[in-house]
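Working notes for the structure below.
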Amino acid sequence: MNIPIIIAAGGLVWNERNELLMIYRQDKWDLPKGKLDEGESIETCAIREVREETGLKEVILGEFIGVTKHEYLDRFIGAQAIKESHWYAMRANSNQLLNPQLEENITEIKWVKVEEIPNLLTNSYLNIEAIIREYFKKNKQV
């Protein structure tokens with residue numbers, strides 16, 4: 001049986017105080033990301049999804065960080081799928097209004113200090129922890 005691969009993109013969004021934007025969705029801390037629309041570039045998808053899920057208006061795309069994969073139950077196709085998420089570093093000013101996308105089950109959004117990230121990762125997903133670790137490997141200085 002072939003498991004469908006769903007392409008997605010998202011961001012590790014940092015502000016001027018070097019805080020990471022994290023979202024709370026389905027009882028876990030997560031990063032904003034979502035599915036690629038037909039005809040859309042991965043970079044455009046990453047920015048669009050961050051804007052939609054967080055309410056940020058001005059987001060600056062930075063370097064490509066990496067790809068994570070995980071298996072999940074896709075509610076649209078009603079079957080198991082593999083989500084291949086492409087991640088980018090991004091910048092946004094913290095004075096922008098944050099507005100969680102409730103229809104995506106996002107109930108909280110917050111800017112997280114670097115030293116607080118490990119606490120939130122205790123209630124997150126392994127792929128989120130992995131991509132944050134990859135970011136820090138590539139960027140020794142945050």
For the range 11-19, state whether one or more residues are free of Cβ contacts under 8 Å to residues at least 60 places away in the same chain, at negative phi and not charged (D, E, K, R).
no
For the range 97-112, the count of residues that are assigned to a loop (DSSP other than H, G, I, E, B) and either β-branched (Val, Ile, Thr) or within 14 Å of residue 29 (Cα to Cα) (or both) equals 2
Within the range 70-96, how many residues turn out to be free of Cβ contacts under 8 Å to residues at least 60 places away in the same chain, of a type in the set (Lys, Arg) and in a strand (DSSP E or B)?
0
Residue 132 passes all but one of the listed conditions (1) surrounded by fewer than 18 Cβ atoms within 10 Å (Cβ to Cβ); (2) touching a strand residue (DSSP E or B) at 6+ places or on another chain (Cβ under 9 Å); the exception is number (1)
In the range 31-45, which residues are in a strand (DSSP E or B) and surrounded by fewer than 22 Cβ atoms within 10 Å (Cβ to Cβ)?
34, 35
Scan the range 46-60 and tell me whether some residue there is in contact with a Ser or Thr (Cβ under 9 Å, 6 or more places away or on another chain) and surrounded by fewer than 17 Cβ atoms within 10 Å (Cβ to Cβ).
no
Filter the range 20-67 for residues that are basic (Lys, Arg) and without any contact (Cβ under 8 Å) to a residue 24 or more places away in the chain; the one that is nearest to residue 92 (Cα to Cα) is 51
Scan the range 125-142 for residues that are in a loop (DSSP other than H, G, I, E, B) and in contact with a helix residue (DSSP H, G or I) (Cβ under 9 Å, 6 or more places away or on another chain) and jot them down.
142
So for the range 32-44 (the condition being of a type in the set (S, T, N, Q) and modelled with pLDDT under 95), does at least one residue qualify?
no
Does the range 98-119 include one or more residues that are within 14 Å of residue 9 (Cβ to Cβ) and basic (Lys, Arg)?
no
Pairs with Cβ under 8 Å, 6+ apart, first in the range 118-132 and touching a residue at least 60 places away in the same chain (Cβ under 8 Å), second of a type in the set (D, E, K, R):
121/129; 123/27; 123/28; 124/28; 124/30; 125/28; 125/30; 128/30
Filtering the range 61-96 down to residues that are modelled with pLDDT of 95 or more, among the aromatic types (Phe, Trp, Tyr) and under 20 Å from residue 24 (Cα atoms), which residue is surrounded by the fewest Cβ atoms within 10 Å (Cβ to Cβ)?
88
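The values are calculated or read from the model by the stated rules, or taken from the named source; none is laboratory data. As the structure is a computational prediction, the values presented were derived from the model and not from experiment. Counting neighbours? That spans all protein chains shown, and the Cβs are built from the backbone with ideal geometry, glycine included.
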